[in-house]
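Everything below concerns the one structure shown next.
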Amino acid sequence: MLADQVDIVLGGDTHEATHTIAAVRAFDGAVLARLTFATTIVGYESALAFADKHAPGRRAWALEGTGSYGAGLVRVLLARGERVIEIDRPAALAGSSHAKSDELDAIRAAHTALGRARHASPRTSDSHDGLRVLLRTREGAVTARTAAVNALQAAIVIAPDGLRSRLRDCSVVTLLRIVPRLRVRASDSVADRCTLVAIRHLVDRIRQLTEEARQLQTALATLVRSLCPALLALPGVGPICAAQFLVTWGHEGRFPSEAAFAHAVGAAPIVASSGKTNRHRLNRGGDRKANRALHTVILTRRRHDAPTIEYYEKHLASGKTAREITRLLKRYLARAIFRLLENPPLPTDTTPPKEPTDTVTSQP
């Protein structure tokens, strides 16, 4: 337990402009002092001075938001040789009896760290920080492209009859090809001219965002290939999913076991037994983006990977539901990815890692 390793835990609640930390005594959880400081170099120095004063002995920092608002503080602490523990932000507290403030959140972070037997360290790699930025930027481009496509289709739905009849049955790919060829004529009505101008601008926006997403995906693929090329050799794993797995994993030793990694990506089974019913259900917690990447890979394998298709059909015939089989496959995939990332093959070994065809147990 953490209480056996340190004397003081410095819990931290991070925000954009300020951070709040609380010094909590390890053996009894008593709060010794609190501090709110700005997210600047001067503020970080004041936090270290606060720690030297109120936690001079063995100490650890338990921080929320280490990959976002707290990233700057984490870099400073790690450069000074401090021990930093990553704490998930708590779910929203319901009810008027649950008080909330920055100081209380900082204290909760410290108590959470003291109550856990296993801890995750924050992600520190520059390459993984680059992956995270590229992923977020691409996700923004894809989201904006989807919004533009929806706006284009809505504009066609309400377009005047003549223009609508020409475009309403066209796919998005066809619209991107034919709309730039349309010209405004003097005989067109005001509604026709305005609608045509609008949809041409929307098509230009979709094209630009499509190219932006493509370039970002190429950059992601290049960086993933330099970090862990064997990950791209796994069936169904493309550059986007591989980048998400690398970002969630962080670095070697961040997770103490593959079970901890499975829990972090929402693939650990949750017991849902009652009476004579003995079953597990999907985990709806953890990193949902990483869980979505797992789901994407499983869907791809169910269509194109022969061992996965065989496994799915066999267990579907035995009475398991599609969700139960998906849960098993996600758990197996999380295990395989974690082992590959923790122990990547040597650079000279170009053979893709072999995967057993039927190693998923009923309770992974």
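Worth pointing out:
- Cα-based radius of gyration of segment 95-195 once divided by 2.2 N^0.38 Å, which approximates compact folds: 2.06
- Lys/Arg +1, Asp/Glu -1 at C-beta; the chain dipole; positive extreme among ILE298, LEU246, TYR312: TYR312
- Unit charges at the beta carbon, dipole of the chain: most positive-side option, ALA60, ALA22, LEU134: LEU134
- Filtered trypsin sites (Lys or Arg not before Pro), segment 39-69: DSSP coil and at most 14 other beta carbons within 10 Å: ARG58
- log₁₀ of I(q)/I(0) at q = 0.14 Å⁻¹ - the chain, Debye sum with one point per alpha carbon: -1.17
- Charging the Cβ of each Asp and Glu at -1 and of each Lys and Arg at +1, and nothing else, the dipole of the chain about its Cα centre rounds to 1300 debye.
- Pairwise Cα distances in segment 229-342 exceed 21 Å for 36 percent of all pairs.
- Kirkwood-type hydrodynamic radius, segment 2-115: 13.8 Å, calculated from all non-identical alpha-carbon pairs.
- Sequence-separation-based contact order of the chain, relative, with Cα cut under 8 Å and 6+ spacing, percent: 13
- Angle in degrees between helix 306-317 and the longest Cα principal axis of the chain, rounded to the nearest 10: 80
- Evaluated with a Cβ-only charge set (Lys, Arg +1; Asp, Glu -1), segment 229-342 carries a dipole of roughly 520 debye about its Cα centre, given to the nearest 20.
- Descending semi-axes in Å of segment 173-218, equivalent ellipsoid built from Cα gyration tensor: 28, 9, 6
- For segment 125-257, the Kirkwood radius over C-alpha pairs fed into Stokes-Einstein at 37 °C and 0.692 mPa s yields D = 189 µm² per second.
- Total formal charge among the other residues, if their Cβ is under 14 angstrom from that of VAL173, Lys/Arg +1 and Asp/Glu -1: +2
- Segment 144-212: C-alpha pair distances exceeding 21 Å, %: 17
- Candidates THR210, THR174, THR143: whichever shows maximal mean-square fluctuation once the chain is modelled as a Gaussian network with Cα springs under 10 Å: THR174
Values in this text are rule-based calculations from the coordinates and carry no lab data. Because the structure is predicted, anything quoted here is derived from the model rather than measured. With ideal geometry, Cβ positions are generated from the backbone for all residues, glycine too; neighbour counts draw on all protein chains shown.
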